1. For the chain, go through all pairs of different Cα atoms, get the mean of 1/r, take its inverse, and jot down that Kirkwood value in Å.
2. What is the magnitude of the charge dipole of the chain about its Cα centre, with +1 placed on the Cβ of each Lys and Arg, -1 on the Cβ of each Asp and Glu, and no other charges, expressed in debye to the nearest 20?
3. Using square roots of five times the C-alpha gyration tensor eigenvalues, list the equivalent-ellipsoid semi-axes of the range 1-122 in whole Å, biggest first.
4. With runs of 4+ DSSP H residues as the only contributors, calculate the mean residue ellipticity of the chain at 222 nm using -39,500 (n - 2.57) per run, divided by the residue total and rounded to the nearest 500.
5. Order of 105-116, 126-137 by packing, highest average Cβ count within 10 Å first?
6. When ranked by the protection proxy of mean other Cβ atoms within 10 Å per residue, highest first, what sequence do the peptides 72-83, 246-257 form?
7. Taking the beta-carbon count within 10 Å as an exposure proxy, list T121, T261 from fewest neighbours to most.
8. What full-extension length gain, to one decimal in nm, is calculated for I4 and A163 as 0.36 nm per residue of separation minus the Cα-Cα distance?
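Each value in this text was obtained by applying a stated rule to the coordinates, not by laboratory testing. Not measured: the values here are computed from a predicted model. With ideal geometry, Cβ positions are generated from the backbone for all residues, glycine too; neighbour counts draw on all protein chains shown.
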Amino acid sequence: MIEILLVVLRWAGVGLAALASVSYVRGLVAAEATAPAAGATRFVAGAALCWTGALLLRAFELGTVPLVTSFEALLFYAWLLLVVFLGLVRREAHRTLGAFLVPLATVLGFFAAAFMAPPSTVSALFHNRLFVAHTVSVFLGYSALSVAFCAGVMYLLLHDEIAHKRVGRMFARLPSLDDLDRLGLRTVQLGFVLLTLGIASGMAWARVEWDVLWVWEPKAVWALLSWSVYLAYLLTRAFAGWQGARAAWLAALGFALSVITFLGTNLVLGSGRHVF
């Protein structure tokens, strides 16, 4: 019975997120300036609510946070993207982010709903509170850095349009370059702090479980690389005056490495202890 309800909640969330995605994308690319349908934000809220229920039920089944497998992590990440977006839409200038963040969450939620299997026996090490702190901090960091990536892409597209003096209807609806740059900085700062906390709690977890401070596995190595890029982002902004386009490119590079960390290492290089 619980598994049937979980399937219904996951797919209901995907459907509502897809409806919201269509509305936000149409609002951005339409020939005439039109705000997204009034129900778009409600669709996002409904999807987030469905996935909240699915994650809570999964956590009840597992006896720990629903981040034990890659597909549970995908759903958790998709849910966080929607929650973060709902926190941003209070500002009209940030509403166009819906055309980027909500479709991303929809795609991630679709793959999670399609491939998530019923839970199996959970290893005792996943019940450690340090595992909870490690995974939740990292995924909160990923969600903030996803916003920074979207802001960076929007900045680069708009900057190119302005540089070539051809700002079209769609680009005229984006936030200003200064607003996008500030949003990118704030979300990288938040994401970097959360990612640092995640790495630190992961080291503490490794110390308790395996008596080492660092596990040299592909996911850990790529996580360190992406963390280093975001550190470079903050240092170059603070001391070298890197803002605007150069900062946006660094944010995009950091996010690309984060995607490899999150998905590529498990699919290509092997997960080792990092099954999530």
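1. Evaluated over the chain, this radius sits at 19.5 Å.
2. 500 debye
3. They are 29, 12, 11 Å, listed largest first.
4. Values: 9 runs with 199 residues, N = 276.
That calculation yields -25000 deg cm²/dmol at 222 nm.
5. Peptide ranking by packing, descending: 105-116, 126-137.
6. So the order, starting with the most tightly packed, is 72-83, 246-257.
7. The order, fewest Cβ neighbours first, is T121, T261.
8. Extra length from I4 to A163 when fully extended: 51.9 nm.
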